[in-house]
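Below is one structure, written out as structure tokens; the observations come after it.
The values are calculated or read from the model by the stated rules, or taken from the named source; none is laboratory data. Model, not experiment: these values are computed from the prediction. Quick reminder, even Gly has a Cβ in these numbers, built from the backbone with ideal geometry, and neighbours come from all protein chains shown.
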Amino acid sequence: MAKQVTAQIKLQAPGGQATPAPPIGPALGQHGVNIGQFVSQFNEQTRELNGMTVPIVISVYNDRTFEFIIKSPPAAVLLKKAAGLDKGSGVPNKEKVGKVTMAQVREISEMKMKDLNAFSLEAADQIIMGTARSMGIEVEG
């Protein structure tokens, strides 16, 4: 008999630095998943991301085994890194907090393309520029 998915859990965790502490531990523990095994596998696969927040989708099966898919980091996290910021603006329409170039926007678009709802890189650029605008980051060029 085939394995049956009993739960699908969506989390965000720091790449390469996940711990069994909340939010990971409680979310997996309630489904009977071996938390230590998940943390070690996740940290192994995301070591190169070095603390950058990464979304993950975990499928838990009826025999308490699991599989997980690692998505690309959120656009906001990538934009903050590119602009060298700690956080976005509280009032983005009045207070601009940083600048990114069109080349940086294109680089982020290429990285996130598989997770974006866009058919072309130009459309992906528009999505990333909209995120930048909503964070108070200006796009130059």
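State yes or no: is ALA21 in the same structural domain as PHE66 (by TED's automatic domain parsing) and surrounded by fewer than 14 Cβ atoms within 10 Å (Cβ to Cβ)? Working first, answer last.
Details: in the same structural domain as PHE66 (by TED's automatic domain parsing): yes; surrounded by fewer than 14 Cβ atoms within 10 Å (Cβ to Cβ): yes.
Answer is yes for this residue.
Scan the range 38-58 and give yes if some residue there is free of Cβ contacts under 8 Å to residues at least 24 places away in the same chain, assigned to a helix (DSSP H, G or I), hydroxyl-bearing (Ser, Thr, Tyr) and over 30 Å from ALA103 (Cβ atoms), otherwise no.
Going through the range 38-58, the residues free of Cβ contacts under 8 Å to residues at least 24 places away in the same chain turn out to be 39-40, 44.
Add one more test, that the residue is assigned to a helix (DSSP H, G or I), and what stays is 39-40, 44.
From what is left, the residues that are hydroxyl-bearing (Ser, Thr, Tyr) are 40.
Keeping just the survivors that are over 30 Å from ALA103 (Cβ atoms) gives 40.
Yes - at least one qualifying residue is present in the range 38-58.
Residues are listed down the side, and each one gets a yes or a no for (1) in the same structural domain as ALA18 (by TED's automatic domain parsing); (2) part of a helix (DSSP H, G or I); (3) among the β-branched types (Val, Ile, Thr):
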residue: LYS81; (1), (2), (3): no, yes, no
residue: VAL91; (1), (2), (3): no, no, yes
residue: LYS99; (1), (2), (3): no, no, no
residue: ASN117; (1), (2), (3): no, no, no
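Can VAL54 be described as crowded, with 18+ Cβ neighbours inside 10 Å and in contact with a Pro (Cβ under 7 Å, 6 or more places away or on another chain)?
Working: crowded, with 18+ Cβ neighbours inside 10 Å: yes; in contact with a Pro (Cβ under 7 Å, 6 or more places away or on another chain): yes.
So VAL54 fits the description; yes.
Any residue at all in the range 102-113 that is part of a loop (DSSP other than H, G, I, E, B) and either in the same structural domain as ALA83 (by TED's automatic domain parsing) or closer than 21 Å to PRO55 by Cβ (or both)?
We begin by selecting, within the range 102-113, every residue part of a loop (DSSP other than H, G, I, E, B); these are none.
No, there is no match, as no residue in the range 102-113 is part of a loop (DSSP other than H, G, I, E, B) and either in the same structural domain as ALA83 (by TED's automatic domain parsing) or closer than 21 Å to PRO55 by Cβ (or both).
Mind checking which residues of the range 62-89 are in contact with a Gly (Cβ under 8 Å, 6 or more places away or on another chain), free of Cβ contacts under 8 Å to residues at least 40 places away in the same chain and more than 23 Å from ALA27 (Cα to Cα)?
Scanning the range 62-89 gives a single hit, GLY84.
Residues checked against (1) buried (at least 17 other Cβ atoms within 10 Å of the Cβ); (2) at pLDDT 85 or above:
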| residue | (1), (2) |
| --- | --- |
| HIS31 | no, yes |
| VAL39 | yes, yes |
| PRO74 | yes, yes |
| LYS87 | no, no |
| GLY90 | no, no |
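In the range 92-141, which residues are touching a strand residue (DSSP E or B) at 6+ places or on another chain (Cβ under 9 Å), exposed (fewer than 15 other Cβ atoms within 10 Å of the Cβ) and under 10 Å from ALA75 (Cβ atoms)?
Scanning the range 92-141 gives a single hit, ASP115.
Could you check the range 57-70 and list, in sequence order, the residues that are of a type outside the set (Phe, Trp, Tyr) and either touching a Phe, Trp or Tyr at 6+ places or on another chain (Cβ under 9 Å) or surrounded by 15 or more Cβ atoms within 10 Å (Cβ to Cβ) (or both)? Can you show your working first?
Taking the range 57-70 as the starting set, the residues that turn out to be of a type outside the set (Phe, Trp, Tyr) are 57-60, 62-65, 67, 69-70.
Across the range 57-70, the qualifying residues are VAL57, ILE58, SER59, VAL60, GLU67, ILE70.
From (1) at positive phi; (2) in a strand (DSSP E or B); (3) not β-branched (Val, Ile, Thr), pick out the condition that doesn't hold for GLY32.
The failed condition is (2).
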